[in-house]
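The values are calculated or read from the model by the stated rules, or taken from the named source; none is laboratory data. Computed from a predicted model, the values in this text were never measured in an experiment. Counting neighbours? That spans all protein chains shown, and the Cβs are built from the backbone with ideal geometry, glycine included.
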Amino acid sequence: MKIAFWSPLHGTGATSGFMAVTAALPVMYPKRVMVTQTHYNLNNLERPLLGNIGNGEFFRDMGVDALMRHFKSGNITEEHILNCSVKMSDNLYLLTGTKMLNREGYENNVTRSMIIHILSVMEKYFDIVMIDTNSGQNDFSMKVIEDCDAVVVSLRQNRTVLEDFFSSGLFEGKRVFYLFSDYDRESKYSIHNLKHLFKTLNNKNSAYLPHCTGYMDAVSDEKVMNYIVNGIHEDTELDESFFFESLRVFVDSLTDFITGSDRAIFEKGND
């Protein structure tokens with residue numbers, strides 16, 4: 001199963017929400033998860049998730065570029081995928097983004113087709129493949145989303161932006177889950193009120209992640225994995241407890257939404 005994460009505008013917190021759920025999901029549901037992204041020059045997953053090793057020569061023979069070389073040489077195997085990925089925990093892997101210096105080379109149709117094929121191959125070996133895509137109606141993002149089983153749309157509590165998005169008809173007929181990142185529970189545009197304003201939203205297809213200073217510091221300090229893994233099951237301070245409670249609800253709601261009648265494959269503790 002492939003899930004894309006997307007936002008209509010840059011700066012909606014899509015990537016921070018993506019990192020939080022990808023770190024939490026394998027802890028709550030011990031299934032094999034691969035995470036990756038399609039950005040060209042905003043490879044902002046590696047350092048927050050991996051810390052100092054997310055720099056420099058560590059990725060020379062790894063990541064999506066290495067898998068594309070294997071693709072050109074023949075079929076991609078599970079061994080190729082594992083060798084080109086970073087194992088972040090027992091069941092969580094990261095396929096790092098491109099290091100190409102030539103943007104045109106990365107954004108041409110041949111390269112895009114190879115990457116979409118690689119994502120489909122990874123789906124054979126992982127329970128879920130999660131992809132952080134470019135914001136806006138980027139052509140490549142739209143192609144990746146079209147090929148995915150579902151898309152998580154990251155939104156903010158901004159009525160004008162929400163009206164524009166919901167009136168656009170984008171992703172009509174697609175399985176869409178709505179995430180309100182950096183959520184402010186004091187806003188008049190609470191999730192409860194937004195569900196009345198926009199009938200597309202309901203209890204089954206939407207969730208929120210509140211603003212949390214501790215989490216944002218963890219992103220800046222490049223310690224996302226430690227922060228999420230250590231906090232997801234522990235008692236925390238008041239603001240952080242609301243964040244982790246919301247994160248657990250988000251993960252549960254998302255897995256319910258994407259699995260539907262196949263919920264058993266994500267049963268907690270069921271390998």
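Residue count for the stretch 244-271 under the criterion of being surrounded by 13 or more Cβ atoms within 10 Å (Cβ to Cβ) and modelled with pLDDT under 50: the result is 1.
M1 fulfils the conditions (1) farther than 16 Å from E222 by Cβ; (2) of a type outside the set (D, E); (3) buried (at least 19 other Cβ atoms within 10 Å of the Cβ); (4) modelled with pLDDT of 85 or more except for a single criterion, (3).
Scan the stretch 157-172 and tell me whether some residue there is within 15 Å of the chain's Cα centre (by Cα) and of a type in the set (A, V, I, L, M, F, W, C).
No: zero hits.
Evaluate the following for D147: is it closer than 28 Å to K31 by Cα and either in contact with a Leu (Cβ under 8 Å, 6 or more places away or on another chain) or not β-branched (V, I, T) (or both)? It would help to see each step written out before you state the result.
On the way: closer than 28 Å to K31 by Cα: yes; either in contact with a Leu (Cβ under 8 Å, 6 or more places away or on another chain) or not β-branched (V, I, T) (or both): yes.
Judged against the criteria, D147 is a match.
Screening E234 with (1) modelled with pLDDT of 95 or more; (2) more than 28 Å from G136 (Cβ to Cβ) gives one miss only, at (1). Within the stretch 43-94, being crowded, with 16+ Cβ neighbours inside 10 Å, at pLDDT 90 or above and small (G, A, S) holds for one residue alone: S85. Entry remark, the stretch 7-21: residues being buried (at least 24 other Cβ atoms within 10 Å of the Cβ) and assigned to a loop (DSSP other than H, G, I, E, B) number 1 in total. The single condition among (1) farther than 29 Å from N52 by Cα; (2) out of contact with any Asp or Glu (no Cβ under 7 Å at 6 or more places or on another chain) that Q157 does not meet is (2).
Applying the criterion of being closer than 22 Å to H10 by Cβ and touching a Lys or Arg at 6+ places or on another chain (Cβ under 7 Å) to the residues of the stretch 120-147, the residue that is surrounded by the fewest Cβ atoms within 10 Å (Cβ to Cβ) is K143.
The set of residues in the stretch 10-42 that are at pLDDT below 80, among the hydroxyl-bearing types (S, T, Y) and out of contact with any helix residue (DSSP H, G or I) (no Cβ under 6 Å at 6 or more places or on another chain) contains only T12. If you take the residues in the stretch 181-207 that are within 16 Å of the chain's Cα centre (by Cα) and either in contact (Cβ under 8 Å) with a residue 60 or more places away in the chain or under 24 Å from R47 (Cα atoms) (or both), which one is surrounded by the most Cβ atoms within 10 Å (Cβ to Cβ)? Among those that are within 16 Å of the chain's Cα centre (by Cα) and either in contact (Cβ under 8 Å) with a residue 60 or more places away in the chain or under 24 Å from R47 (Cα atoms) (or both), it is S181. Any residue that is under 21 Å from F257 (Cβ atoms), among the aliphatic types (A, V, I, L, M) and surrounded by fewer than 19 Cβ atoms within 10 Å (Cβ to Cβ) - is there at least one of those in the stretch 170-180? Looking for residues that are under 21 Å from F257 (Cβ atoms), among the aliphatic types (A, V, I, L, M) and surrounded by fewer than 19 Cβ atoms within 10 Å (Cβ to Cβ), one finds at least one in the stretch 170-180, hence yes.
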